[in-house]
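Below: the structure, in structure tokens.
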Amino acid sequence: MLRHHLKFAWRHFAKDGRFTLLNLLGLSIGMACAILIYSWIVSERSMDDFHVNNPRLYQVMSHIQLPDGIHTQEYTPGPLYTALAHDLPEIESTVAVMPESGWLTIDEKKVNTQAQYVSRDFFRLFSYRLLQGNKRNPFPEGTSVLLSDELARKLFRTTENVIGRTLQWGDDSIPYVVSGLFAKPPANSTAQFDLLLSAETYIEHDEALHNWYNSNPQTYILVKPGTQINTLNAKLTHFEQTKDPKAPLTLSLRRYADKYLYNTYDNGVPAGGRIAYVRLFTVIALFILLIACINFMNLSTARAARRGKELGVKKVAGASRRELIGQYLGESLLLTFAALVLAFGWVLLALPGFNTLTGKQLTIPMSPGFVFAMVALFLITGIVAGSYPALYLSGFKPVNVLKGRLPNSTGELFVRKGLVVFQFTLSVVFIVAVAVIYRQMELVRTMDLGYDKSHVVTFANVQTKIPGHWRGVGSPAFLNDIKNIPGVLGAGTVQGDLVEHTSGNTEHVSWQGQLPDQHLQFYGLDVDDDALPVLGIKMAAGRSFSPGYNDSTSVILNQTAVAAMGLKDPIGKIFTAYRDTFHIVGVVKDFHYKSLYEKIKPCFIRYHRGNENVYARLDAAGEADALAAIRKTFAKYRSGYPFDYNFIDKNYQTLYASEQRVALLSRCFATLAVIISCLGLLGLAAFTAQKRQKEIGIRKVVGASVRSVVLLLSGEFIRLVVLAGLIAFPVSWWAMSQWLDGFAYHIKLDAGYFLLGIGAALLLALLITGYQALKAAVTSPVDALRSE
């Protein structure tokens, strides 16, 4: 019997080769999209899942109440990690972590390194592999360091006999001694580092971290088995106030496993993060697969007329409906299996480009979980795609089908047309989403940020400070030299990158005229004399920093700060921050120093020379020559250090790398969804043309023109697409409003985006149905009437 069914299936597929190919294409493309998205989702959800202690591992988050709501950050006071371990019996162990970057020097060889200052229990909490060294005491001395095996090979060309070797960290004249080696963190680790140093030593020598007001370390805890997290959270909330009643922060716990996907807070409450994109692409995968299944249903039912007599004969011969349903579902599963094989071919072809889009190195993982997912994909797709055609075909009455009369119930027409409306509703939503995301990314790219980011090169300040002598990159002598380079229009230094990082933030500020209940959080930015002019930041009042003044006690505010402080005439007023007293000498026009997800916050700018980053504005005409000259000058002042530079407009774009990837992926998947929908419409158009071929022949015999026949056949589908557009309008409006609300500055939704989506869908529908209708209209009426 199985052989009999397989033979019939093969004959059916071969007889209707064009429709079989359309079915294969639609299903395989849909399944390929699902496999790619599934691989990406698995990769996203596997971040940090290698830590054995994940079920008991938490991060301490700090919150502060400000006038515009509760602000949440990862940074905590220096004494916190030791106090928690000592005072709360539910906590088994704690770790302080401070990410850092800097230069390692060994035998005149210099390597820019991502480092972390960590406390001694680091390897007890986290499952990074320690290859050599003492897990319980990784830093025997304050100047001990641990290297990754990858960094050891880069520095020493081996991982053998590395323990005890000395190297220099930054410009610290004290030699650091290698006390251990660890395996490079895996790709699914959120923390990527090559060097570990002692956090205890760092905190011991930084007096600012000895109190409960300054925050720097990230604090992680390992709770004891059976701990009630809600109870521990309640104890933790006001823990700081038990140490200092005036401490400003409240605390809470976040599962370490949630660090990557649930990294956004709104008014102190977790509000998602990257998990939103995981959910978005899960829905996209399901919808694309569903569109492919609908496409299969429509194409299968479109060929029902060809199988009517076969069905009638089988029923007369005694075949039950259950047997027929089994046969048609078997054919569906057989075709789905072929589509799955073809889908793997599409995946292998698309994987390199998909990895480029996502920034990952995905492969097809032949793991038990992946095999199970593929079997589930095959069975679910095959059954869903084949269920309606099987029920539809097996329900025909043998007398009617043998006489050539196929059922034409209102319910059947409603289902078929409803499926097309559903397909094109999703297609219109996808088209609108792509248009809105593209325009928002254009806004991000072209928005006036309050400073001029074009043709400004930036590189790290690498300097040596010796008593009585300051020489190095970022020093006045270096800056003067590069200012004299032809093509360099100006140069200055900034403590931050004007993208995400400032010089710090603080709530401990006060000013002349402050009201008793007036509290604000300020971001700080340290710059030298030339930084503001180089960046094109405009003054709104007062003056900028200048060599003609002693600006060591001067401060400049942004317009948002002045408005929030309620100052009418701020120039000359006293301003206190970090326990230092300043005089306000100027106000700059607002500029963006954080991402467009956040509104501009109050900012104060202090005068400071020799900041961490050098900025130089170049003449566009002589940019290449100027860069070459800067490279030579850099080498003159800091021989041996590589000249790593970037342009701030590129740094700015990297801030939105995730959004750019989402935009590209959305565009690709939307295109594929529309293509599959068009295949479904092509099948339905062919079905209608086939079903009405006698009617068309009669109309032509009585004088109907080709144009009238085309309009007759196309009009029905155009109405379906218009209905789909009307349904898609509120759906896409809601979805894109939700997405845009994540940006503090975003485009305005208007009818143009929705008209574009409906217009594109209508144009495609006209081309597809018009082609089928024209093909039917030009057929000889004699051939149509003889079709029986």
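The values are calculated or read from the model by the stated rules, or taken from the named source; none is laboratory data. Bear in mind that the values here come from a model prediction, so they are computed numbers and not experimental data. Don't worry about glycine lacking a Cβ; one is built from the backbone with ideal geometry, like all the others, and counts go over all protein chains shown. For the accessible areas, the whole protein counts, side chains as well, though only heavy atoms, and no ligand, DNA or RNA atoms are used. Shrake-Rupley method; radii C 1.70, N 1.55, O 1.52, S 1.80 Å.
Structure above, values below:
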item	result
Per-residue SASA entry for residue 601, accessible area with 1.4 Å probe, Å² rounded to 10	40
Nitroxide proxy distance, nm - points 7 Å out along Cα→Cβ at residue 235 and residue 208	3.2
For the stretch 68-153, alpha-carbon Rg over 2.2 N^0.38 Å	1.35
Residues in the stretch 596-622 reached by a label modelled at residue 563 [backbone nitrogen below 13 Å; 7 Å Cα→Cβ]	599-603
Linear extension gain, residue 755 paired with residue 362, 0.36 nm per residue minus alpha-carbon span	137.8 nm
Share of Cα-Cα pairs in the stretch 545-687 lying beyond 28 Å, as whole percent	54
Residues with amide H under 5 Å from that of residue 540, placed H, sequence gap 5 or more	587, 588, 589
Gain in span if fully extended, residue 501 to residue 571, counting 0.36 nm per residue against the direct Cα distance	22.5 nm
Amide H contacts of residue 504 (H built 1.01 Å from N, under 5 Å, at least 5 apart or other chain)	524
In nm, spacing of pseudo-spin labels at residue 107 and residue 763 (7 Å Cα→C-beta vector)	6.4
Accessible surface, 1.4 Å probe, highest first, among residues 244, 452, 68	68, 452, 244
Order of exposure, largest accessible area first, which applies to 336, 671 with probe 1.4 Å	671, 336
Mean Cβ neighbour count within 10 Å, used as a protection proxy, ranking 253-263, 345-355 highest first	253-263, 345-355
Peptides ranked, highest mean first, by Cβ atoms within 10 Å: ranges 532-539, 647-654	532-539, 647-654
Derived scalar couplings ³J(HN,Hα) [the stretch 348-358; Karplus, 6.51 cos²θ - 1.76 cosθ + 1.60; whole Hz; x for Gly, Pro]	4, 6, 8, 4, x, x, 5, 5, 5, 5, 8
Solvent accessible area, Å² - residue 52, 1.4 Å probe, full protein context	120
Integer Hz, Karplus 6.51/-1.76/1.60 couplings in order for the stretch 173-178, x for Gly and Pro	6, 7, x, 9, 10, 6
Spin-label model distance (nm) - residue 643 vs residue 737, 7 Å beyond Cα toward Cβ	5.4
Label zone at residue 651, where the point sits 7 Å out along the Cα-to-Cβ direction: the stretch 517-550 residues whose backbone N lies under 12 Å	535
Links that overshoot a 29 Å alpha carbon limit, given the list 453/748; 184/599; 243/599; 360/650	184/599; 243/599
Within the stretch 36-56: backbone nitrogen closer than 17 Å to the residue 661 label point (7 Å, Cα to C-beta)	36-49
